[in-house]
Amino acid sequence: MRGLQDLQDLEDSSASVRLRAALAVGTAPDPRFVGKLVERCAVEPEFSVREMLTWALTRHPASMTVPELLEELRSEQAQARSQALHTLSKIGDRRAWPAITRALLTDADDEVARSAWRAAVVLLPEGGESELAGVLVTQLGRGGRETRLSLSRALVALGERIMPSLRAATADPDPGVRAHALATERLLRDPDAGFGFAVEEAKRVVALGPTRQEG
């Protein structure tokens with residue numbers, strides 16, 4: 001059977017073969033393949049293949065994929081957690097929201113945390129923006145440029161309700177946290193400003209000190 005061959009091909013040494021296999025499985029969804037797709041997400045080394053595995057999972061009923069993905073959130077493998085979160089954000093089933101815990105939002109692995117931030121924004125029930133913002137601002141100043149940009153985007157997506165938490169962070173003793181908070185506030189006010197510009201402006205404000213900040 002072609003489907004069984006596709007499952008075997010998901011483990012082929014060639015990335016192009018694995019990519020075609022994931023495409024084939026998603027094109028002809030079969031509930032029997034869900035477990036294997038989730039399993040491969042945890043170990044697949046190629047980004048493009050992981051994206052195709054996620055797409056293949058979105059082609060299957062959420063009632064079958066979501067429970068399997070939620071199990072992955074407890075995995076000790078960082079990639080298993082991050083890819084499960086990424087896939088849950090693509091599926092968009094808000095019944096998964098309770099599984100987006102503070103532990104995941106503050107995960108020590110940057111990829112897991114970034115995936116959790118994106119998933120949280122997608123799955124968040126209406127009215128939960130302020131509470132989520134309160135957790136996300138604890139991660140300000142974390143990681144490199146891409147991680148900080150991901151966090152800023154997640155916060156900005158929550159809208160004006162982030163402002164109380166963000167304002168508090170602008171007084172943080174850590175200049176990196178203050179600059180990140182100010183850059184995020186700038187992006188909220190002016191989404192077209194660009195993250196790089198917002199960061200540089202925020203650094204200048206922090207360097208000038210509180211007495212010379214713009215009003």
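The values are calculated or read from the model by the stated rules, or taken from the named source; none is laboratory data. Note that the structure is predicted; figures quoted are calculated from it, not measured. Here the Cβ positions follow ideal geometry from the backbone for every residue, glycine too, while neighbour counts run over all protein chains shown.
Among the residues of region 167-182, those identified as crowded, with 17+ Cβ neighbours inside 10 Å and within 18 Å of residue 113 (Cβ to Cβ) are 169, 177, 180, 181. Output the residue which, of all residues in region 1-42 that are outside any helix (DSSP H, G or I) and closer than 11 Å to residue 53 by Cα, is modelled with the highest pLDDT. Looking at the filtered set, the residue picked out is 42. Just to check your reading of the model, which residue among 116, 96 is more than 18 Å from residue 59 (Cα to Cα) and in contact (Cβ under 8 Å) with a residue 12 or more places away in the chain? That would be 116, the only listed residue that is more than 18 Å from residue 59 (Cα to Cα) and in contact (Cβ under 8 Å) with a residue 12 or more places away in the chain.
Among the residues of region 178-195, some residue qualifies, meaning at least one is of a type outside the set (Phe, Trp, Tyr), within 17 Å of residue 110 (Cα to Cα) and in contact (Cβ under 8 Å) with a residue 12 or more places away in the chain. For region 18-27, the count of residues that are under 20 Å from residue 121 (Cα atoms), β-branched (Val, Ile, Thr) and surrounded by fewer than 17 Cβ atoms within 10 Å (Cβ to Cβ) is zero.
Taking the options 154, 133, name whichever one is at pLDDT 95 or above, surrounded by fewer than 23 Cβ atoms within 10 Å (Cβ to Cβ) and closer than 29 Å to residue 78 by Cβ. Within the list 154, 133, the selection yields 133. Criterion first (within 17 Å of the chain's Cα centre (by Cα) and either loosely packed, with under 15 Cβ neighbours inside 10 Å or in contact (Cβ under 8 Å) with a residue 40 or more places away in the chain (or both)) does residue 45 satisfy it? When the stated conditions are applied, residue 45 does not pass them. Residue 74: under 27 Å from residue 147 (Cβ atoms), basic (Lys, Arg) and without any contact (Cβ under 8 Å) to a residue 24 or more places away in the chain, yes or no? The answer is yes for residue 74.
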